[in-house]
Amino acid sequence: MPGAGPSSARFVVVALLTLSTPAIAQTDPHPDAAGQALKRVEQELQNDRNRQRQLDRQSQTLDKELNELRGQVIGLADQARVQERGLDELEGTLAALEAEEQRRTAALDSERAQIAGLLAALQRLARVPPEAALIRPEGPVDTLRSALLLRDTVPALRARADALLAALTGLAETRESLVAQRAKALAARKALAEKQADISRLVSRREELSRQTDAERQQLAQHMGQLSGQASDLRQLMDRIESERRAAAETAAKREAERRDSERKEAEKRQAEQREAERRLAAQKEAERKEAERKLAELRAAEQKAAAQKAAEEQRAKDEAARAAAELALAKKAPSGPPSVAGMPTPVGGKLTTRFGETDRFGATSRGVTIQTRAAATVVAPQGGSVVYAGPFKGYGLILIVEHSGGYHSLIAGLGRIDTAVGKTVAAGEPIAVMPGDGAPDLYFELRRNGQPINPQRGFGTPEGKGRG
């Protein structure tokens, strides 16, 4: 069984350290016993190496599964972003339909009131019989006028009644469309929630696979280190026993050889010291000459460098002023909506509220862009790279810093939850965080190259986009 190897190996290590170490310190053990102990430890070490190769094969399989999971997570994130945009459009349509319903209802209420007044007047005229009209106090002329008014009002009233019927029909259609759009928006919200739940499950599965493999490999490496140390101790013990046996036979020959060698070395030493003294004196004179030449060259180079640096600083100041003006003009001309980062996906979808170079809500010049997002929106990596910071930071809340190739870094702030860790490698479009779950949160996105902020709407691979540091 895979779990039996490390346990039995640890037992052998503890037993050997407990039994053989005191024996080494107190007595001179027999080399056969030490050899048998060494064979046992080496056998355990070989078993661990076999297990490590098995773990390597499992790790390759897990890496393949992790890559597949990563692709699924990226795909789900793209679908969630599309559904978020669709939900925004549905909610906008719902708002327009509700406003249209209120406007039509108000118009119908006004039209009903006017028609009701006209109908009441016509009913009063219709109740007066012709014989009674001749003896009314108003006189024949007024009676004739009332009859003419009644004749002209009836067709207009019929036309207004027909228009009212058409308006009622339009209002019913508007209400039916409103009900359908509300049902469609509810279904879209439910689908979006399911996509976000799928993303969370896949992220959890990815992290569980990584922790499982890393923990077992770490435990096996620690165990192999202990076995290697014990094997080294046993080899040293056997070498010491063998050395002591040879030492007794070689001592006399070594002493004679050492005496002759000592006399030879003493003569060579005196000759070497004399040559070394002569060499040092010549080297000292050469060093003094080179030092004088170096100081003179440094003085001339310093004067030239000071002049060149002054001219470069003046030119750099002019270039920085022109570049800052161009960056601000470009930011003001940029279209509204989520910033385009050289064709790569933005960290999150939403409404662009502050552009690069504009004044933010705190009165400072923005070094990035601010995007108003939906609650619990998924945040993805704008480009592939490695996570170098993940956690809270003073004044920014939860932030992520991702290092990309070419000297680029992405700073993403205003997060509600982080789904990655420092040292992890992320792909472009891979979910790495989630926005806060309430309100309309703001995401701050800053792109830097070689430590300097640049306009995110210029994207990666634009060296002339250097901003103010």
Does the stretch 239-246 contain any residue that is more than 30 Å from Arg53 (Cα to Cα), modelled with pLDDT of 90 or more and among the hydrophobic types (A, V, I, L, M, F, W, C)? no
Among the numbered conditions (1) open to solvent by 10 Å² or more (accessible area, probe 1.4 Å); (2) touching a residue at least 40 places away in the same chain (Cβ under 8 Å); (3) not in a helix (DSSP H, G or I), tell me where Ala433 comes up short. (1)
Has the stretch 144-153 got at least one residue that is among the basic types (Lys, Arg) and either surrounded by 16 or more Cβ atoms within 10 Å (Cβ to Cβ) or at pLDDT 85 or above (or both)? no
Considering only the stretch 338-359, I want to know if a residue exists there that is more than 12 Å from the chain's Cα centre (by Cα), under 22 Å from Ser204 (Cα atoms) and open to solvent by 10 Å² or more (accessible area, probe 1.4 Å). no
Which of the numbered conditions does Ser340 fail, given that it passes all the others? Conditions: (1) polar (S, T, N, Q); (2) closer than 30 Å to Arg458 by Cα; (3) modelled with pLDDT of 80 or more. (3)
State whether the residues of the stretch 442-460 include one that is modelled with pLDDT under 95, more than 15 Å from the chain's Cα centre (by Cα) and among the aliphatic types (A, V, I, L, M). yes
For the stretch 436-451, which residues satisfy the criterion of being open to solvent by 20 Å² or more (accessible area, probe 1.4 Å) and either in contact with a helix residue (DSSP H, G or I) (Cβ under 9 Å, 6 or more places away or on another chain) or acidic (Asp, Glu) (or both)? Asp438, Asp442, Arg448, Arg449, Asn450, Gly451
Hits in the stretch 406-420 - residues which are open to solvent by 20 Å² or more (accessible area, probe 1.4 Å), touching a strand residue (DSSP E or B) at 6+ places or on another chain (Cβ under 7 Å) and either among the polar types (S, T, N, Q) or more than 20 Å from Asp198 (Cα to Cα) (or both): Gly407, His409, Leu411, Gly414, Thr420
Any residue at all in the stretch 449-462 that is among the basic types (Lys, Arg) and under 25 Å from Gln72 (Cα atoms)? no
Any residue in the stretch 40-60 that is open to solvent by 60 Å² or more (accessible area, probe 1.4 Å), modelled with pLDDT of 65 or more, closer than 30 Å to Ser177 by Cα and in a helix (DSSP H, G or I)? no
Inspect the stretch 9-24 for any residue being modelled with pLDDT of 85 or more, among the small types (Gly, Ala, Ser) and part of a helix (DSSP H, G or I) and give the result as yes or no. no
Ser232: over 15 Å from Ala33 (Cα atoms) and either in contact (Cβ under 8 Å) with a residue 12 or more places away in the chain or open to solvent by 80 Å² or more (accessible area, probe 1.4 Å) (or both), yes or no? no
Got a sec? Which of Val426, Val422, Val434, Val402 is more than 22 Å from Asp78 (Cβ to Cβ) and among the β-branched types (Val, Ile, Thr)? Val422
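Please verify whether Ala302 is of a type in the set (A, V, I, L, M), modelled with pLDDT of 80 or more, open to solvent by less than 70 Å² (accessible area, probe 1.4 Å) and closer than 30 Å to Asp438 by Cβ, treating the condition exactly as stated.
No, not satisfied.
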Here are Ala221, Ala252, Ala248: which of them is surrounded by 10 or more Cβ atoms within 10 Å (Cβ to Cβ), among the small types (Gly, Ala, Ser) and part of a helix (DSSP H, G or I)? Ala221
Exactly one condition in (1) closer than 28 Å to Gln222 by Cβ; (2) touching a helix residue (DSSP H, G or I) at 6+ places or on another chain (Cβ under 6 Å); (3) open to solvent by 40 Å² or more (accessible area, probe 1.4 Å); (4) among the acidic types (Asp, Glu) is not met by Glu100; state its number. (1)
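The values are calculated or read from the model by the stated rules, or taken from the named source; none is laboratory data. The structure displayed is predicted, hence computed values, not measured ones. Cβ atoms come from the backbone with ideal geometry, glycine included; neighbour counts cover every protein chain shown. When the accessible area is computed, the model is the full protein with side chains, heavy atoms only, and any ligands, DNA or RNA have been set aside. Shrake-Rupley method; radii C 1.70, N 1.55, O 1.52, S 1.80 Å.
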